[in-house]
């Protein structure tokens with residue numbers, strides 16, 4: 001089969017289209033014929049081997065796994081003998097096994113990392129959902145403990161994670177403020193934001209407003225900035241990090257702020273699971289979340 005592979009770290013031109021062996025599903029695997037896959041920052045970090053922490057997981061001098069691609073949508077080609085929920089021909093979406101291999105004609109996935117594709121969206125739209133929407137949902141609900149009526153701010157509201165976060169926050173009946181650039185203000189309003197802030201004109205951490213929950217999909221502010229913009233018992237959930245310095249600042253200073261005061265500041269990483277994927281599927285089918293382009 002054809003697949004996009006990389007054997008060394010670097011810019012996009014190190015990627016190659018090659019013939020590799022078609023995967024065989026194990027007992028608990030589903031083999032998916034790929035109709036669409038999406039690229040995430042995760043793939044970009046793995047391709048470059050940066051920041052350095054990526055190399056500690058994927059290989060110090062070259063990638064241990066030459067395949068990329070986590071998000072996938074397609075049809076079930078075959079199933080392992082322990083699979084009960086899917087059969088050949090089913091249209092599915094989810095995460096590839098090990099978060100890699102979706103940039104290919106076929107890929108294996110765990111049963112608990114797949115769900116039936118919503119009938120009202122295309123394969124291309126479905127492939128844009130899993131990683132970004134998992135991050136938004138778990139950041140808001142699990143890390144941020146979102147509640148109806150809260151004032152919620154989404155930093156990076158026009159990005160992949162941010163557009164899901166705006167809509168998911170609205171589904172929880174929160175009052176949502178989205179932060180984005182000038183050209184995306186109308187789009188962020190169109191997906192449900194009650195207020196929008198143009199970050200080229202205004203810094204949300206310095207405008208005097210206070211928020212019960214800040215979900216930061218950009219990770220471009222200091223812990224003191226987050227603390228200033230939070231209400232007295234507010235929570236800030238940060239998805240990823242912009243630099244290693246920012247990561248360690250959140251880990252150390254954010255942890256200290258969380259332990260010593262009523263405000264909570266911390267980072268989060270999404271954990272794919274079937275329950276949340278089905279929850280997202282239901283939001284998509286109900287039209288409460290739409291895919292933006």
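The values are calculated or read from the model by the stated rules, or taken from the named source; none is laboratory data. Predicted model, so just to flag it, every value in this text is computed and none were measured. Glycine gets a Cβ as well: all are built from the backbone with ideal geometry, and neighbour counts include every protein chain shown.
The residues of region 188-209 that are touching a helix residue (DSSP H, G or I) at 6+ places or on another chain (Cβ under 6 Å) and not in a loop (DSSP other than H, G, I, E, B), listed by number, are 196, 198. Every listed requirement among (1) touching a strand residue (DSSP E or B) at 6+ places or on another chain (Cβ under 9 Å); (2) in contact (Cβ under 8 Å) with a residue 24 or more places away in the chain; (3) within 29 Å of residue 118 (Cβ to Cβ); (4) surrounded by fewer than 19 Cβ atoms within 10 Å (Cβ to Cβ) is met by residue 220 save one, (3).
Tell me the residue from 94, 101, 139, 80 that is farther than 30 Å from residue 235 by Cα and within 21 Å of the chain's Cα centre (by Cα), please. On inspection, the qualifying residue turns out to be 101. Suppose the filter is over 21 Å from residue 43 (Cβ atoms) and either free of Cβ contacts under 8 Å to residues at least 24 places away in the same chain or in the same structural domain as residue 20 (by TED's automatic domain parsing) (or both); does residue 95 pass it? Against the criterion (over 21 Å from residue 43 (Cβ atoms) and either free of Cβ contacts under 8 Å to residues at least 24 places away in the same chain or in the same structural domain as residue 20 (by TED's automatic domain parsing) (or both)), residue 95 does not qualify. Residues in region 77-99 that are out of contact with any strand residue (DSSP E or B) (no Cβ under 6 Å at 6 or more places or on another chain) and in a strand (DSSP E or B): 95 only. Looking at the structure I just gave you, is residue 102 at pLDDT 95 or above, closer than 30 Å to residue 54 by Cα, assigned by TED's automatic domain parsing to the domain that holds residue 35 and assigned to a loop (DSSP other than H, G, I, E, B)? Yes: the conditions hold for residue 102. The set of residues in region 147-158 that are surrounded by fewer than 24 Cβ atoms within 10 Å (Cβ to Cβ) and either at pLDDT below 95 or over 14 Å from the mean Cα position of the chain (by Cα) (or both) comprises 147, 148, 149, 150, 151. Would you say residue 147 is assigned to a helix (DSSP H, G or I) and assigned by TED's automatic domain parsing to the domain that holds residue 191? So residue 147 does not fit the description; no.
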